[in-house]
Amino acid sequence: MASEAWTTTVAALTEDAIHDILRRLPPADLLRAALACQRWRRAAARCSILRAPPLLGYFFHPADTPPPMAFSASKRTLFPVAFAPVDASSPSLSLDFVRRGTSSFTIYDVHLGLMLLLPVPASLPAGILPRILVLDPASRRRALLPQPPRDTLVDDRWRGSRQFVGAAVLSRVHPSRLCFDAVCLTIDGKHPRSWVASYRDGECHWKVLPLDMGVTIQFQPHWFEGRCVHAAGDMYWHICNSARLFKLDPATLKFSYLPAPSELADYHKFRVGERPQDGRLCMASVKDQEMQFWVRGETDGSDNGWFLEKRVCMRAVFDTVPGLPRDRVSRIVSTWLSDIDPGRTGKLFIKTMGYGRYSFHMDTGKLERLATEDGKEVVITETRLSDSSLPLISHQTSEDLILHEDI
């Protein structure tokens, strides 16, 4: 009996299948594959994030621990930015090269070895974007970007109603020079807009993009969290009290929504990040003392394009937190997931209401207190209605950066 001819072509392969093939290539071959077509270019870009550079440590704002179960909205005192190295072999980085210090700035993003800070919230006229401070801790260089000129957007009829959401590092043009692009997100009317600042050789140029009319903001813009999360090649903003994420594609600067699993639709305390093993988009939540870990991908029984990879009962873990209430209701109210470690260490960050901050390792089940030597919390400045990820600074080789930027 003659065998039938195999007619499946490369075009029939799914995105996940192409990604699984290309991720096995060495960097040089991966770069060549990226030149084949746009589809392979996208898959190769996803592969480039798999080669995670080694984590050196965390920049953070120390803060005093609030009283237990303090529901008041009193403002907490934040101390100047500090750096916590991963171990003794990591370099001890500092921001002491900033002449006037960083006491009037707060961390909004750390990406591609650059730190982006914004002024501590102050009253600015409606429609005015803040100045942006970008630092390179490794080379001890800095750039204070000016605000966009008034004529950047011709016939700016949204100036009086514009809502500024946040800013982030978009790309780094050169691995050894302070050349980069930063992006600001604003809501003009009911639609999002990107403002891109390009910094080259000491000069900054602003470009404003048209409103993204394909995306409508049907809620108050202050529900956005100010800080974004860089994950799986895209940028995400959490939305308070929402079952969706707000997504920006850095290559096209197009916005979209990404729904969470329907199982979490009535529970909005989830965080997005990257799976430690391969950098795939993932989501975690701690719901009713149970940790759930979801991964983006289509499988049998997937939920809105997510599949549940792991469940862990956190009751015994929380029992080890000194002073934490034992009754179910008080415990649920006073503990929640603050983020997935962007360093891809397999750790989740747990925040409590007055009982400290902790890291939880999903594989070992180990819970560790996050505190400075003098007992202050390792905490990021609270913006909007909730906090965001612990920013990290990583070492990248020129090959890593060239591969990432070229594809």
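Things worth noting here:
- Within segment 237-288, considering residues that are of a type in the set (Val, Ile, Thr) and more than 14 Å from the chain's Cα centre (by Cα), the one farthest from LEU185 (Cα to Cα): VAL286
- Considering residues of segment 129-143 that are farther than 15 Å from GLY166 by Cβ and out of contact with any Asp or Glu (no Cβ under 9 Å at 6 or more places or on another chain) only, the residue surrounded by the most Cβ atoms within 10 Å (Cβ to Cβ): LEU135
- Going through (1) at pLDDT below 95; (2) within 19 Å of HIS238 (Cβ to Cβ); (3) not in a loop (DSSP other than H, G, I, E, B) one by one, ARG271 falls short only on (1).
- Pairs with Cβ under 9 Å, 6+ apart, first in segment 1-23 and hydroxyl-bearing (Ser, Thr, Tyr) and surrounded by 13 or more Cβ atoms within 10 Å (Cβ to Cβ), second at pLDDT 65 or above and in a loop (DSSP other than H, G, I, E, B): none
- Candidates ASP151, ASP136, filtered to the one that is without any contact (Cβ under 8 Å) to a residue 12 or more places away in the chain, acidic (Asp, Glu) and assigned by TED's automatic domain parsing to the domain that holds HIS230: ASP151
- Check on LYS207, over 18 Å from HIS111 (Cβ atoms), in the same structural domain as LEU116 (by TED's automatic domain parsing) and over 19 Å from the mean Cα position of the chain (by Cα): yes
- Top-ranked residue in segment 104-125 [being more than 26 Å from ASP374 (Cβ to Cβ) and in a strand (DSSP E or B); ranked as farthest from the chain's Cα centre (by Cα)]: PRO119
- For segment 49-81, the tally of residues that are under 17 Å from SER334 (Cβ atoms), at pLDDT 75 or above and among the aromatic types (Phe, Trp, Tyr) stands at 0.
- Positions within segment 325-366 being at pLDDT 95 or above, more than 21 Å from GLU225 (Cβ to Cβ) and touching a Phe, Trp or Tyr at 6+ places or on another chain (Cβ under 7 Å), in sequence order: MET362
- Filter pass, GLY101 being closer than 24 Å to GLY226 by Cα, small (Gly, Ala, Ser), at pLDDT below 85 and under 19 Å from the mean Cα position of the chain (by Cα): no
- Candidates ASP201, ASP234, filtered to the one that is over 18 Å from LEU117 (Cα atoms), under 14 Å from the mean Cα position of the chain (by Cα) and acidic (Asp, Glu): ASP234
Matching residues to (1) over 29 Å from THR299 (Cα atoms); (2) in contact with a strand residue (DSSP E or B) (Cβ under 6 Å, 6 or more places away or on another chain); (3) acidic (Asp, Glu); (4) touching a residue at least 24 places away in the same chain (Cβ under 8 Å):
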site: CYS184; (1), (2), (3), (4): yes, yes, no, yes
site: SER194; (1), (2), (3), (4): yes, yes, no, yes
site: TYR199; (1), (2), (3), (4): yes, yes, no, yes
site: TRP223; (1), (2), (3), (4): yes, yes, no, yes
site: MET235; (1), (2), (3), (4): no, yes, no, yes
site: ALA265; (1), (2), (3), (4): no, no, no, no
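- Considering segment 126-151, the residues that are in a loop (DSSP other than H, G, I, E, B), touching a Lys or Arg at 6+ places or on another chain (Cβ under 7 Å) and of a type outside the set (S, T, N, Q) include one that is nearest to HIS174 (Cα to Cα), namely PRO146.
- When segment 268-326 is filtered for residues that are without any contact (Cβ under 8 Å) to a residue 12 or more places away in the chain and of a type in the set (Lys, Arg), only ARG326 remains.
- Among the residues of segment 84-131, those identified as polar (S, T, N, Q) and over 29 Å from SER194 (Cα atoms) are SER89, SER90, SER92, SER94.
- Selection count, segment 202-232, where residues are assigned to a loop (DSSP other than H, G, I, E, B) and either buried (at least 19 other Cβ atoms within 10 Å of the Cβ) or touching a Leu at 6+ places or on another chain (Cβ under 9 Å) (or both): 5
- Residues satisfying the criterion are absent from segment 82-90 (criterion: in the same structural domain as LYS347 (by TED's automatic domain parsing), more than 23 Å from the chain's Cα centre (by Cα), modelled with pLDDT of 80 or more and within 20 Å of GLU377 (Cβ to Cβ)).
- Whichever residue in segment 281-324 is β-branched (Val, Ile, Thr) and not in a loop (DSSP other than H, G, I, E, B) and, among such residues, is farthest from VAL229 (Cα to Cα): VAL317
The values are calculated or read from the model by the stated rules, or taken from the named source; none is laboratory data. All values reported here derive from a predicted model rather than from experimental measurement. Please note: Cβ atoms are built from the backbone with ideal geometry, for glycine as well, and neighbour counts cover all protein chains shown.
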